[in-house]
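K.L.:
I have a structure I would like to understand better, so I am pasting it below and will then ask my questions one at a time.
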Protein chains: 2
Amino acid sequence: MASGRPDNGKRLAIIAGSGLLPFHVAQAARSHGENPYILALTDEADQDWSAFDHIRIGVGDYAAMSRAFEREGIDRAVLSGAVRRRPEWRDIRPTLRTLLGLPAVVRTLLMGGDDAVLRMVIRLIEANGVRVVGADEIAPELLATEGVIGKVTPDAEAMQDIAAGCAAALALGSLDVGQGAVAVGGRVIALEGAEGTDQMLERVAELRRQGRISSRRKGVLVKLCKPGQDSRADLPAIGVDTVHWAQAAGLAGIASEAGRSLVLDRRRMVEEADRAGLFITGILPRRSEGYR
Amino acid sequence: MASGRPDNGKRLAIIAGSGLLPFHVAQAARSHGENPYILALTDEADQDWSAFDHIRIGVGDYAAMSRAFEREGIDRAVLSGAVRRRPEWRDIRPTLRTLLGLPAVVRTLLMGGDDAVLRMVIRLIEANGVRVVGADEIAPELLATEGVIGKVTPDAEAMQDIAAGCAAALALGSLDVGQGAVAVGGRVIALEGAEGTDQMLERVAELRRQGRISSRRKGVLVKLCKPGQDSRADLPAIGVDTVHWAQAAGLAGIASEAGRSLVLDRRRMVEEADRAGLFITGILPRRSEGYR
């Protein structure tokens with residue numbers, strides 16, 4: 001887990017999907033002395049990248065990616081942010097190298113689980129002589145730490161919800177489905193699929209408005225890394241937005257996996273959580289039997 | 001699984017939650033010579049019960065339920081339809097009998113998983129000398145049968161989605177969470193929590209509108225009974241509405257568990273599915289390893 005900029009004059013690339021995560025990673029990389037080059041994915045990257053050297057490329061455009069790697073002297077790449085749309089086959093612009101393995105590439109991109117797609121993308125990038133590294137390798141300070149951050153601590157009811165949410169998130173993760181679950185009053189009431197965490201929390205807020213969740217029970221959001229997940233993948237992340245959505249859903253707090261998930265804009269997030277009376281805690285699930 | 005009306009002059013009660021299911025069960029009971037008495041749950045039962053003898057009672061009102069059982073000479077009760085709201089403690093009107101076990105009752109009703117709540121409710125009803133029976137015991141013709149019904153059969157891609165959805169639904173069911181999952185292109189993209197099947201399908205339709213599901217992949221809804229589910233509980237059910245929602249979500253079809261789920265208004269449902277080009281199939285998941 002060496003961090004900091006290497007002295008070989010080579011540059012770090014950030015392949016940026018949607019959400020705030022890639023921007024935080026880019027800022028953190030800069031604070032470590034890197035001069036990151038951003039490959040912002042068309043229809044996905046939704047940040048303003050004007051403060052960084054960047055280009056926009058299509059999700060399946062390996063030819064443009066390879067050219068950029070060579071032109072900018074890239075030796076390492078971070079994959080960061082969500083890629084919500086799968087490429088359609090007509091979006092895939094192969095290089096000669098990817099062309100040789102094309103049927104497998106196409107099959108994986110169109111049909112594989114998220115993890116399978118990720119492994120394929122890593123292989124395609126590394127075929128260019130570029131090493132794919134985790135965001136935590138560039139900016140280890142983004143990793144969630146164990147225990148409570150902020151002023152609020154989970155009570156006994158919240159601990160029960162953390163345990164229930166953990167068991168569900170572990171069961172889901174082993175199927176390469178989601179990373180998040182919401183438990184209220186010891187029951188899991190929402191599970192994250194392709195819609196993502198924010199939309200799952202929006203759904204919980206709606207269930208609460210409909211009176212389908214007891215107004216006397218708050219509940220907890222649990223986010224875990226999938227059991228087999230490559231840490232170079234987009235790790236689960238929480239940030240200021242997560243706190244706002246959790247508050248709208250009437251939750252007591254957020255538990256995310258220590259060492260295997262990211263916390264974005266920690267200071268502002270903790271301020272917001274303290275103000276809203278939500279706890280934020282880093283947990284270590286016992287993967288054989290859930291969190292206790 | 002004896003069906004038909006007993007000769008002891010005793011009456012069947014249907015404790016009716018929301019949705020079409022209780023109405024179909026009541027009609028089926030009538031066709032078997034029963035004269036069912038409906039206890040329609042306040043804020044839940046949303047059918048017009050004017051064609052049946054009925055009263056409305058609160059979800060936690062065991063006192064009114066006991067009085068109705070005695071007055072109407074009830075010897076068997078079917079629990080049918082969804083109960084979306086948990087009773088709040090102030091809604092619970094105990095009888096002397098339930099009062100003796102009140103802390104446990106309250107704890108279970110407010111905090112238990114659906115199955116725990118159900119077992120508690122069954123115990124409370126049976127304490128009145130009324131036997132709780134499954135809808136399938138009253139109307140076995142409602143049970144899903146194995147294999148395709150209707151004109152459309154699942155293709156190879158759909159079979160793969162059935163397998164993926166099955167694995168997810170089994171993993172969820174063992175946690176007493178949901179009964180449904182949607183898989184598209186071999187990936188599970190949505191999981192059913194407290195929101196119910198129709199709302200999960202609505203979400204899939206929305207993901208599709210946003211282009212977050214490949215337009216080239218249709219996908220399948222899988223509904224299974226939870227592994228440990230008491231068959232006297234509300235079994236998973238599909239009907240005409242499920243077909244409409246599945247069509248709106250762009251799915252290829254619906255697979256539900258043979259022998260452990262219900263098919264409502266089968267003839268009309270099949271007509272609608274045939275018209276929409278959707279398959280409907282009854283499957284037998286291998287509970288140790290999913291469906292193949």
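The values are calculated or read from the model by the stated rules, or taken from the named source; none is laboratory data. Just so it is clear, the structure is predicted and the values come from calculations on it, not from any experiment. Ideal geometry is used to build each Cβ from the backbone, glycine not excepted, and the neighbour counts take in all protein chains shown.
K.L.:
When you scan region A:213-229, how many residues do you find that are assigned to a loop (DSSP other than H, G, I, E, B) and either buried (at least 18 other Cβ atoms within 10 Å of the Cβ) or under 12 Å from the mean Cα position of the chain (by Cα) (or both)? Full working, then the answer.
P.N.:
Here is the first cut: in region A:213-229, the residues assigned to a loop (DSSP other than H, G, I, E, B) are A:213-219, A:224-229.
Next, from what is left, pick out any that are either buried (at least 18 other Cβ atoms within 10 Å of the Cβ) or under 12 Å from the mean Cα position of the chain (by Cα) (or both): A:213-214, A:217-219, A:224-226, A:229.
Residues that pass the stated criteria total 9.
K.L.:
Scan (1) within 16 Å of B:Glu257 (Cβ to Cβ); (2) buried (at least 24 other Cβ atoms within 10 Å of the Cβ); (3) at pLDDT 90 or above for the single condition B:Ala163 breaks and write down its number.
P.N.:
So the condition that B:Ala163 fails would be (2).
K.L.:
Quick test for you: out of B:Arg260, B:Arg232, pick the one residue that is closer than 18 Å to B:Ala181 by Cβ, out of contact with any Leu (no Cβ under 6 Å at 6 or more places or on another chain) and part of a loop (DSSP other than H, G, I, E, B).
P.N.:
Numbers: B:Arg232 fails: closer than 18 Å to B:Ala181 by Cβ.
Going through B:Arg260, B:Arg232 in turn, just one is closer than 18 Å to B:Ala181 by Cβ, out of contact with any Leu (no Cβ under 6 Å at 6 or more places or on another chain) and part of a loop (DSSP other than H, G, I, E, B): B:Arg260.
K.L.:
Of (1) under 19 Å from the mean Cα position of the chain (by Cα); (2) surrounded by 22 or more Cβ atoms within 10 Å (Cβ to Cβ), B:Tyr62 satisfies all except one. Which?
P.N.:
Of the numbered conditions (1) under 19 Å from the mean Cα position of the chain (by Cα); (2) surrounded by 22 or more Cβ atoms within 10 Å (Cβ to Cβ), the odd one out for B:Tyr62 is (1).
K.L.:
While we're looking at this one, here's another question. What are the residue pairs meeting all of these: first residue in region A:162-175, first residue over 17 Å from B:Ala181 (Cβ atoms), second residue of a type in the set (Ser, Thr, Tyr) and assigned to a loop (DSSP other than H, G, I, E, B), Cβ atoms under 7 Å, and 6 or more apart or on different chains?
P.N.:
Every condition considered, the pairs that remain are A:Ile162/A:Tyr291; A:Ala163/A:Tyr291; A:Cys166/A:Tyr291.
K.L.:
Give the residue that is farthest from A:Leu224 (Cα to Cα), with candidates limited to residues of region A:245-262 that are among the aliphatic types (A, V, I, L, M) and surrounded by fewer than 23 Cβ atoms within 10 Å (Cβ to Cβ). Outline the logic, then answer.
P.N.:
Here is the first cut: in region A:245-262, the ones among the aliphatic types (A, V, I, L, M) are A:246, A:248-249, A:251-252, A:254-255, A:258, A:262.
Then drop every residue that is not surrounded by fewer than 23 Cβ atoms within 10 Å (Cβ to Cβ), which leaves A:248, A:252, A:258.
Details: A:Ala248: 21, A:Ala252: 18, A:Ala258: 9 Å.
This residue is A:Ala248.
K.L.:
Exactly one of (1) within 14 Å of chain B (Cβ to nearest Cβ); (2) at pLDDT 75 or above is unmet by A:Asp91. Its number?
P.N.:
Against the list (1) within 14 Å of chain B (Cβ to nearest Cβ); (2) at pLDDT 75 or above, A:Asp91 comes up short only on (2).
K.L.:
Exactly one of these conditions fails for B:Val78: (1) modelled with pLDDT of 80 or more; (2) buried (at least 19 other Cβ atoms within 10 Å of the Cβ); (3) part of a helix (DSSP H, G or I). Give me its number.
P.N.:
So the condition that B:Val78 fails would be (3).
K.L.:
Ok, one more. Which residue pairs have Cβ atoms closer than 9 Å, lie 6 or more positions apart in sequence or on different chains, and pair a first residue in region A:41-64 that is on the phi > 0 side of the Ramachandran plot with a second residue that is at pLDDT below 85 and among the hydroxyl-bearing types (Ser, Thr, Tyr)?
P.N.:
A:Asp43/A:Ser18
K.L.:
I'm told A:Val105 meets every condition in (1) within 11 Å of another protein chain (Cβ to nearest Cβ); (2) surrounded by 20 or more Cβ atoms within 10 Å (Cβ to Cβ); (3) modelled with pLDDT under 60 except one. Can you identify the failing condition by its number?
P.N.:
A:Val105 satisfies every listed condition except (1).
K.L.:
May I pose another question? List pairs: first residue in region A:120-134 and assigned by TED's automatic domain parsing to the domain that holds A:Pro36, second residue assigned to a loop (DSSP other than H, G, I, E, B) and charged (D, E, K, R) anywhere in the structure, Cβ distance under 6 angstrom, at least six positions apart or on different chains.
P.N.:
From residues that are assigned by TED's automatic domain parsing to the domain that holds A:Pro36, the pairs are A:Val132/A:Arg232; A:Gly134/A:Arg232.
K.L.:
Would you pick out the residues in region B:22-54 that are surrounded by fewer than 19 Cβ atoms within 10 Å (Cβ to Cβ) and among the aliphatic types (A, V, I, L, M)?
P.N.:
Within region B:22-54, B:Ala51 is the sole residue that qualifies.
K.L.:
Among the residues of region B:172-202, what is the count of those that are buried (at least 22 other Cβ atoms within 10 Å of the Cβ) and part of a helix (DSSP H, G or I)?
P.N.:
Total satisfying the criteria: 5.
K.L.:
Within region A:117-152, how many residues are surrounded by 15 or more Cβ atoms within 10 Å (Cβ to Cβ), among the small types (Gly, Ala, Ser) and over 15 Å from the mean Cα position of the chain (by Cα)?
P.N.:
2
Here is a yes/no grid of residues against (1) within 30 Å of A:Leu12 (Cα to Cα); (2) more than 8 Å from chain B (Cβ to nearest Cβ); (3) of a type outside the set (Phe, Trp, Tyr):
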residue: A:Ala127; (1), (2), (3): yes, yes, yes
residue: A:Ala139; (1), (2), (3): yes, yes, yes
residue: A:Leu142; (1), (2), (3): yes, yes, yes
residue: A:Val152; (1), (2), (3): no, yes, yes
residue: A:Ala158; (1), (2), (3): no, yes, yes
residue: A:Ala169; (1), (2), (3): no, yes, yes
residue: A:Gly193; (1), (2), (3): no, no, yes
residue: A:Leu207; (1), (2), (3): no, no, yes
residue: A:Lys218; (1), (2), (3): no, yes, yes
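K.L.:
State which residue pairs qualify: first residue on the phi < 0 side of the Ramachandran plot and inside region A:1-29, second residue at pLDDT 80 or above and of a type in the set (Phe, Trp, Tyr) in any location, beta carbons under 6 Å apart, and separation of 6 or more residues or different chains.
P.N.:
A:Arg11/A:Tyr37; A:Ala13/A:Tyr37; A:Ala26/A:Phe52
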